[in-house]
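In what follows, a structure is listed as structure tokens, so that the remarks can point back to it.
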Amino acid sequence: MSDPIPALLPDPTLARERDLDALAGLLPFDARERLAALVTDEDAATLTHLARSGMGKNTLRALASDLGYLEAWCLAATGHPLPWPATEVLALKFVAHHLWDPAERESDPRHGMPSTVEDDLRARGLLRVAGPHAVSTVRRRLAHWSTLHRFRGVEGPFKGPRLRTALSLAVRANRRPRTRKSARAVTAAVIEQLLATCLYEHRLVDARDKALLLVAFASGGRRRAEVASLRIEDLTHEAPVPRDPADPDSPMVAKITIRLGRTKTTTADDDARVVVIGRAATALLDWLALAKIESGAVFRRIDRWGRLGTAALDPQSVNAILKARCARAGLDPALFSAHGLRSGFMTEAGKQGVPLPEAMQLSQHRSVQQAARYYNEAEIDRGKAVRLI
């Protein structure tokens with residue numbers, strides 16, 4: 001009698017892929033497959049728990065991506081998976097590997113990320129930049145690293161004075177300029193160029209894109225995830241309002257109130273609301289009437305044959321729509337992204353003399369510093385300071 005065939009041990013990577021099925025709606029399959037090969041069983045369990053706990057999709061997607069990078073970096077740099085809790089030495093090493101001075105490296109090859117670590121991360125497709133990382137990327141990964149410690153119930157080294165000092169010094173030494181999410185702002189002038197490509201208002205795709213662009217801009221430069229998740233239940237059709245409140249004879253225009261719900265800066269309990277009037281409100285009503293949408297997602301997918309689907313657009317589709325309209329308008333799509341709607345709204349508010357608090361009330365910026373950066377850049381060339389000589 002032959003010996004029984006031993007049972008095959010389950011592939012741990014395949015098992016983790018199954019554990020990460022809760023992220024199926026957030027990560028494309030290849031990203032999920034790559035993540036499963038990098039994270040540990042405990043990591044997969046943490047991400048699955050967060051997915052089921054109602055964490056925002058964009059936050060969870062970024063958290064999962066950064067965890068995969070941190071695990072890969074730690075393996076390459078130390079030969080071991082991430083320890084929980086991480087040591088202060090490991091966190092300092094992470095800063096030293098990612099924020100460094102190119103001029104110093106010319107004289108000292110040991111400065112910055114070692115070539116062996118760099119080669120390993122490039123081979124995995126996780127490292128694309130040449131030179132030090134963006135400060136914002138390093139800060140985000142450290143913040144997510146700290147967040148994951150908190151969810152695991154352990155204390156990390158991220159509030160320690162040595163790490164804070166090292167990060168501050170590394171930021172000063174780092175000479176990489178901050179890159180913007182959209183190289184160019186989508187100002188009112190750009191919006192007009194994009195709307196000019198929506199030639200046939202009786203076509204679903206043109207009516208949708210016109211409404212999407214106008215609403216996203218006019219409601220304060222909404223983030224792409226906020227636009228994609230907009231639902232009929234979030235809209236309230238209000239009584240018409242005068243186009244110019246200071247003119248008693250001003251014509252009346254449509255008004256719609258939009259409930260934002262959960263966003264990057266608000267929770268559902270905040271009950272944050274913004275208003276669109278005039279062209280944006282009319283374009284939105286026209287789209288809903290043409291598409292016969294009475295419930296569910298406001299902005300939906302339309303297939304190549306012009307058939308309307310029931311599923312909402314995903315955030316990436318909002319970006320793709322804007323870039324496609326840029327190409328039709330003769331603009332370079334590489335220079336514009338959906339975030340340009342947000343920066344464009346603040347830039348336009350500055351150009352037209354809208355008070356910063358009023359603009360922020362609509363944009364829902366929490367940081368005056370961030371909002372003022374766009375606002376002040378629009379105003380600076382109009383002031384006296386640049387005309388002193």
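Scan segment 104-120 for residues that are over 32 Å from the mean Cα position of the chain (by Cα) and either touching a residue at least 60 places away in the same chain (Cβ under 8 Å) or closer than 20 Å to L70 by Cβ (or both) and jot them down.
Hit for segment 104-120 is E104, nothing else.
Tally the residues that are assigned to a helix (DSSP H, G or I), small (G, A, S) and either more than 19 Å from R223 (Cα to Cα) or modelled with pLDDT of 75 or more (or both), restricting the search to segment 350-382.
The number of residues fulfilling the criteria is 4.
So is T236 at pLDDT below 90 and on the phi < 0 side of the Ramachandran plot or not?
In short, no.
Going by what's in this entry, would A72 be described as open to solvent by less than 50 Å² (accessible area, probe 1.4 Å) and either modelled with pLDDT of 85 or more or more than 30 Å from G261 (Cα to Cα) (or both)? I'd like the intermediate steps shown before the answer.
On the way: open to solvent by less than 50 Å² (accessible area, probe 1.4 Å): yes; either modelled with pLDDT of 85 or more or more than 30 Å from G261 (Cα to Cα) (or both): yes.
When the stated conditions are applied, A72 passes them.
Yes/no matrix, rows are residues, columns are (1) in contact with a Ser or Thr (Cβ under 7 Å, 6 or more places away or on another chain); (2) in a loop (DSSP other than H, G, I, E, B); (3) closer than 25 Å to D303 by Cβ:
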position	(1), (2), (3)
L212	no, no, yes
V227	no, no, yes
T236	yes, no, no
V241	no, no, no
D247	no, yes, no
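Among the residues of segment 299-336, what is the count of those that are closer than 13 Å to L194 by Cα and touching a Lys or Arg at 6+ places or on another chain (Cβ under 9 Å)?
6
Yes/no matrix, rows are residues, columns are (1) in a strand (DSSP E or B); (2) at pLDDT below 95; (3) open to solvent by 30 Å² or more (accessible area, probe 1.4 Å):
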| site | (1), (2), (3) |
| --- | --- |
| V275 | yes, yes, yes |
| E294 | no, yes, yes |
| R301 | yes, yes, yes |
| G306 | no, yes, yes |
| A311 | yes, yes, yes |
| Q316 | no, yes, yes |
| N319 | no, yes, no |
| K323 | no, yes, yes |
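Give just the number: which of (1) more than 26 Å from R172 (Cα to Cα); (2) open to solvent by 30 Å² or more (accessible area, probe 1.4 Å) does K93 not satisfy?
Going through (1) more than 26 Å from R172 (Cα to Cα); (2) open to solvent by 30 Å² or more (accessible area, probe 1.4 Å) one by one, K93 breaks only (1).
Before we move on, is T347 open to solvent by less than 60 Å² (accessible area, probe 1.4 Å), modelled with pLDDT of 85 or more and not in a loop (DSSP other than H, G, I, E, B)?
yes
So which of A62, A45 is closer than 19 Å to P83 by Cβ and at pLDDT 75 or above?
A45
Just one of the numbered conditions (1) within 30 Å of D314 (Cα to Cα); (2) open to solvent by 50 Å² or more (accessible area, probe 1.4 Å) is not true of P81; which one?
Looking at each condition in turn, P81 falls short on (1).
Among the residues of segment 97-109, what is the count of those that are open to solvent by less than 90 Å² (accessible area, probe 1.4 Å), in a helix (DSSP H, G or I) and of a type outside the set (G, A, S)?
5
With the checklist (1) over 19 Å from M346 (Cα atoms); (2) buried (at least 20 other Cβ atoms within 10 Å of the Cβ); (3) at pLDDT 90 or above in hand, flag the one item V215 doesn't pass.
(1)
Have a look at A36, A134, A76, A45 and point out the one that is among the aliphatic types (A, V, I, L, M) and without any contact (Cβ under 8 Å) to a residue 24 or more places away in the chain.
Just a single option satisfies the conditions, and that option is A36.
Would you mind stating whether S146 is among the polar types (S, T, N, Q) and under 18 Å from Y69 (Cα atoms)?
Yes, satisfied.
What single numbered condition from (1) small (G, A, S); (2) out of contact with any helix residue (DSSP H, G or I) (no Cβ under 6 Å at 6 or more places or on another chain); (3) modelled with pLDDT under 90 fails to hold for A185?
Of the numbered conditions (1) small (G, A, S); (2) out of contact with any helix residue (DSSP H, G or I) (no Cβ under 6 Å at 6 or more places or on another chain); (3) modelled with pLDDT under 90, the odd one out for A185 is (2).
Could you pull out the residue among G112, G131, G125, G56 that is crowded, with 20+ Cβ neighbours inside 10 Å and small (G, A, S)?
From the options G112, G131, G125, G56, the qualifying one is G112.
Quick one: would you say V89 is part of a helix (DSSP H, G or I), hydrophobic (A, V, I, L, M, F, W, C) and under 30 Å from P315 (Cβ atoms)? Before you say what the answer is, go through the steps one by one.
Values: part of a helix (DSSP H, G or I): yes; hydrophobic (A, V, I, L, M, F, W, C): yes; under 30 Å from P315 (Cβ atoms): no.
Answer is no for this residue.
The values are calculated or read from the model by the stated rules, or taken from the named source; none is laboratory data. Computed from a predicted model, the values in this text were never measured in an experiment. We place every Cβ from the backbone using ideal geometry, glycine too, and count neighbours over all the protein chains shown. These area figures cover heavy atoms from the full protein model, side chains too; ligands, DNA and RNA do not enter into them. Shrake-Rupley method; radii C 1.70, N 1.55, O 1.52, S 1.80 Å.
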